[in-house]
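Comments concern the structure below.
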Amino acid sequence: MTSNSSARPLLYDISRNWRELLDASSFQSDNPGPWSEKEEAAAEVMISTLTYLQRIGCKNIEQLLKDTIERHARQNE
């Protein structure tokens, strides 16, 4: 991928991983470790989303996440 490449394929990855999350069970994953299929699928959604943010040039993903969590907390007060 270059700076001129489209970020659209990364959006497709998010969508694909989201659909896999919807179909995941609470049973232990076939992969090594203590994680369920749902936990692993949710992590895949997060990774693909973080990759997308990086690709579109988000300068401070960590701060974006903190600000978004704080906004949600204020909305739920």
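Let me know the shape class of the chain, please: from the alpha-carbon gyration tensor, a ≥ b ≥ c as square roots of the eigenvalues, rounded when a/c is under 1.5, otherwise prolate if a/b is greater than b/c, or oblate.
On the way: a/c = 2.27, a/b = 1.19, b/c = 1.92.
In terms of gyration-tensor shape, oblate.
Could you tell me which of H72, S15, P32 has its Cα farthest along the dipole of segment 8-76 towards the positive end, charges placed at Cβ (Lys, Arg +1; Asp, Glu -1), taken about the Cα centre?
Of the listed residues, the answer is H72.
DSSP loop (so not H, G, I, E, B), at most 15 other Cβ within 10 Å: list which chymotrypsin sites (Phe, Trp or Tyr not before Pro) in segment 5-77 pass both filters. Intermediate values should be presented prior to the final figure.
Numbers: sites: Y12, W18, F27, W35, Y52; in loops: F27, W35.
Within segment 5-77, the qualifying chymotrypsin sites (Phe, Trp or Tyr not before Pro) (loop, at most 15 other Cβ atoms within 10 Å) are F27, W35.
What FRET efficiency do you get for W18 and E77 if R0 is 25 Å and r is their Cβ-Cβ distance, rounded to the nearest 0.05?
Numbers: r = 29 Å, r/R0 = 1.14.
Efficiency, from the Cβ-Cβ distance: 0.30.
Describe numerically, in nm with one decimal, the distance between label points set 7 Å from Cα along Cα→Cβ at R8 and at I61.
2.3 nm
Every number here is computed from the coordinates shown, using simple stated rules; none is lab data. All of these numbers come straight from a predicted model, not from anything done at the bench. Quick reminder, even Gly has a Cβ in these numbers, built from the backbone with ideal geometry, and neighbours come from all protein chains shown.
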